[in-house]
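In what follows, a structure is listed as C-alpha cells, so that the remarks can point back to it.
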Amino acid sequence: MDTVMSSIILFLLTFTVFHLFARSFLTKPSKHKLPPAPNAIPIFGNLLQLGNKPHRTLATLAKIHGPIMRLKLGQITTVVMSSAETAKSALQIHDQHLSNRKIPDAMKGAGHDAYSLPFMPVSPRWRDLRKICNNLLFSNKNLDASQELRQRKIRGLLGKVKESSLRGEVVDIGRLAFMTTINLVSSTIYSQDLINSSDVAGEFKELVSNIMKEVGRPNVADCFPVLKAVDPHGIRRRTGRYFGKLLGIFEGLVRERLSVRSEVSYCPRNDMLDLMLNNAPHDQHMYNDKIERLSLDLFLAGSDTITSTVEWAMAELLHNPNVMSKAKSELEETVGKGNLLEESDIARVPYLQAVIKETFRMHPAAPLLLPRQAEINIDEIEGYRVPKGAQVLVNAWAIGRDPNLWDNPDVFSPERFLGSHIDFRGHNFELTPFGAGRRICPGLPLAMRMLFLMLGLFINCFDWKLEGGIQPQDMDMDEKFGLTLEKAKPVRVLPVIH
C-alpha cells in the first residue's frame, strides 16, 4: 500500500511540475492580478488546510485575505467569494460566464452528470428542462392546483405526531421531516407516497444520505483530474449504484402510470407526471428517461435541503423559547390554535417568514452553494482576475455571518427581517440559500410551500420537550458538513398536544 501511495504522489509531483511549467509559457499575461491567496504546500496546495468544516475555514481565511481569495486545491484553482458584493459579481454581473458547473466526479455515477439539471452545462437540453420546471412543474398556477395533495400529506403527518404524543414516544424531527418531504414531493409528482412506513423511510433516507455524503465527500479525483480514470476512492462507483436504485424506482412509477393511462376509464390526476406526459413528444422512451432523471434531481435536492432547513429551524426555535413563543402567538392569531397552516395563509405570517429567513442566514442548506466554473478570464471583480477554468465558490455561510452586514450575526434573531426588504429569491446577495442568476434552484416555489406547511404544524399543533430532560440552553447546536449542512446531532423531542 505504501508503495502504491508513493507512486501516486511521485506521479502527481511530476505532473504538477510539468503543468506549472507549461502554464507559465502558454498563458498570456494580464494587467489584472490574481486574488490574494494563503500559503500553499507543494502538490496539495491548500487542500489539507480545509479540515472537516471547510465553510468555516474559508470564512476565517477570508478575514485575512479578503472577500475574494484564491486557493489551490491540488491542481484546481479555486476562487472563493465571501461577501455580498463578490457574490453579486459571480451570480449576477458575470453570471453569463460563470453559469457552468465544476462537476464533482461523484455526479458522473450512472452518467447522471449528462442529465442532471443542477450540474449539466447550459445547453438546449438544460434550457428545455428549465422550461419544464418553470412553466410546467413549479408555476404558481400548477402548484395552486396541486395544493390539496400536499395538505393531505400534512394531515397525515399531524396524525403520526399525535399518535407518538399519546404513546409518550420521542420523535426525530429530521426523520419526520424527511419522510414527509419525500411523500410531499412524490404526491406532487406521482400522486402517491414513496414511503409508507418508518422502516422504508430509514432505508430511503440512508440511500439519499449516502448520495449526498459521497457528492460532498473530499475526492482526490476532483483535485487531481488525471486520477479520475481510476476513481481512487470508489466514490463514482458507489454513487452509480445509488443512482441506479433510485432510477429503477422512478422507472417503475412512470411505467405504471403509462399502463393505467392507456385504459379507457383512466381519470386524469392533478399531478406533475400527468402534466409532463401530456406534453411528451413523439419519442416517448427518451422523454420517459428525462422524467426519471428529473425526478432523481427533484427528490435529492428537495429531500435533503428541506429536511435540513426544517430541522435547523426547529432546533433554533427550541434553543430560543422566546422566538418559539412569538411564532406560536402569530399562528394562533392567524389560523387558530392547533389548526394547520394552509398555503393561502403564508402571506399572513410575517414572523414565521422571518424565522425561515433567519434559518437560511445562519444555516444555509448548501453552505458553499454549488461550484461554478469560469468559461473565460474574468477581469475586474474587486480589482482582481478570475482565471479561465477556475472553480468559483460562493461562501453563503460566511456571508450570513458577516458582521459588516448583520448585527450580532451569531445570534438567532428573526426580528432583523421584520420590515426588511431582504428576500431569498436571488435578488439580495446577503441571502442566497437557493443561489441566484440563471442557475437559481428552480424548485424554490415548491420548497417554500413545504417548509411553511411543516413548520406551521410543528409550531402551532404541539408543545415540545427535549429528550432526556435537556434544557434549551444546553442543546448541542454543532453541524456536520456535506453537500448540505446537517445538524450533527438529531433533534429528538417529545410532542405534547395543546
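The values are calculated or read from the model by the stated rules, or taken from the named source; none is laboratory data. This one's a predicted model, so the numbers in the text were calculated from it and none came from an experiment. Every residue, glycine among them, receives a Cβ derived from its backbone with ideal geometry; neighbour counts consider all protein chains shown. When the accessible area is computed, the model is the full protein with side chains, heavy atoms only, and any ligands, DNA or RNA have been set aside. Shrake-Rupley method; radii C 1.70, N 1.55, O 1.52, S 1.80 Å.
Between beta-carbons, use under 14 Å as the cut-off and find the net charge around Arg257, counting Lys and Arg +1, Asp and Glu -1.
Neighbour charge sum, excluding Arg257 itself: -3.
How far apart, in nm, are two points set 7 Å out from the Cα along the Cα-to-Cβ line at Leu207 and at Glu85?
4.8
Students often get this wrong, so check it: of Lys213/Lys465; Lys108/Lys388; Lys102/Lys489; Lys228/Lys487, which have C-alpha atoms separated by over 27 Å?
Where the Cα-Cα span goes over 27 Å, the pairs concerned are Lys213/Lys465; Lys102/Lys489; Lys228/Lys487.
With every protein chain left in place, what is the accessible area of Leu466 in Å² (1.4 Å probe, nearest 10)?
Ignoring ligands and nucleic acids, Leu466 comes out at about 30 Å².
Suppose the chain between Arg155 and Ala488 were pulled fully straight at 0.36 nm per residue; how much longer would it get relative to their current alpha carbon spacing?
117.0 nm
Students often get this wrong: which residues of segment 307-329 have the backbone nitrogen under 14 Å from the point 7 angstrom along Cα-to-C-beta of Asp474?
none
Zone of Ile64 (label point 7 Å along Cα→Cβ, backbone N under 12 Å): which residues in segment 380-400?
Those under the cut-off are none; the list is empty.
Choose one of Phe119, Gln75, Gly51: the residue whose Cα lies farthest towards the positive end of the charge dipole of segment 38-125 (beta-carbon charges +1 Lys, Arg; -1 Asp, Glu; about the Cα centre).
Among Phe119, Gln75, Gly51, the one farthest towards the positive end of the dipole of segment 38-125 is Gly51.
Would you please give the FRET efficiency between Glu256 and Glu375, computed as 1/(1 + (r/R0)^6) with r the Cβ-Cβ distance and R0 = 60 Å, to the nearest 0.05?
Values: r = 42 Å, r/R0 = 0.70.
With R0 = 60 Å, the Cβ-Cβ based efficiency is 0.90.
What length, rounded to one decimal in nm, is gained on full extension from Lys245 through to Asn52, with 0.36 nm per residue of separation minus their alpha-carbon distance?
Details: separation 193, 0.36 × 193 = 69.48 nm, distance 2.89 nm.
So the extension gain works out to 66.6 nm.
Work through the residues other than Leu466 whose Cβ is under 15 Å from its Cβ and net out their charges, Lys, Arg +1 and Asp, Glu -1.
Numbers: positive: Lys465, Lys487, Lys489, Arg492; negative: Glu169, Asp172, Glu311, Glu316, Asp463, Glu467, Asp474, Asp476.
Combined, the nearby Lys, Arg, Asp and Glu give -4.
Taking a 1.4 Å probe, which of Arg449, Arg70, Arg155 shows the most accessible area, and what order do the others take after it?
Descending order: Arg155, Arg70, Arg449.
Can you compute the radius of gyration and Dmax for segment 71-150, using only the Cα atoms, both in Å?
According to the Cα coordinates of segment 71-150, Rg and Dmax are 16.8, 51 Å.
For Asn135 paired with Leu444, estimate the spin-label separation in nm (one decimal), with each label point 7 Å from Cα along the Cα-to-Cβ line.
2.0
Greater than 18 Å separation of Cα atoms is the criterion. Which listed pairs, Lys245/Lys290; Lys53/Lys480; Lys153/Lys290; Lys153/Lys357; Lys205/Lys480, meet it?
Pairs exceeding the cut-off: Lys153/Lys290; Lys153/Lys357.
How much area per residue is accessible in the chain when the probe is 1.4 Å and only protein heavy atoms are counted (Å²)?
For the chain, the solvent-accessible area averages 45 Å² per residue.
Quantify how much of the Cα-Cα distance distribution of the chain extends past 38 Å, in percent. All intermediate terms of the calculation are to be shown ahead of the outcome.
Details: 35005 of 123753 pairs.
Value for the chain: 28 percent of Cα pairs lie more than 38 Å apart.
List every residue whose amide H lies under 5 Å from the amide H of Leu73, counting only residues 5 or more places away in sequence or on a different chain, with H placed 1.01 Å from N in the peptide plane.
The answer is Asn46, Thr78.
Can you list, largest first and rounded to whole Å, the semi-axes you get for segment 291-340 by taking the square root of 5 times each eigenvalue of its Cα gyration tensor?
Gyration-tensor ellipsoid for segment 291-340: 31, 15, 5 Å.
Which net charge results when you count Lys and Arg as +1 and Asp and Glu as -1 among the other residues whose beta-carbon is under 11 Å from that of Ser308?
Numbers: positive: Lys480, Lys487; negative: Asp304, Glu311, Glu479, Glu486.
Counting the neighbours of Ser308, the net charge comes to -2.
To the nearest 0.05, how large is the calculated FRET efficiency for Ser329 and His421 if R₀ is 22 Å and r is the Cβ-Cβ distance?
The value I calculate is 0.35.
Where the accessible area of the chain is counted over protein heavy atoms with a 1.4 Å probe, how much of it, in %, is carbon and sulfur?
Result for the chain: 54 percent of the exposed heavy-atom area is carbon or sulfur.
Under unit Cβ charges (Lys, Arg +1; Asp, Glu -1), what dipole magnitude, rounded to 20 debye, does the chain have relative to its Cα centre? If you can, show how the numbers build up before the last one.
Details: 61 positive and 54 negative charges, 270 e Å.
It comes to approximately 1300 debye.
Using a 1.4 Å probe, how large is the accessible area of Arg439, given in Å² and rounded to the nearest 10?
20
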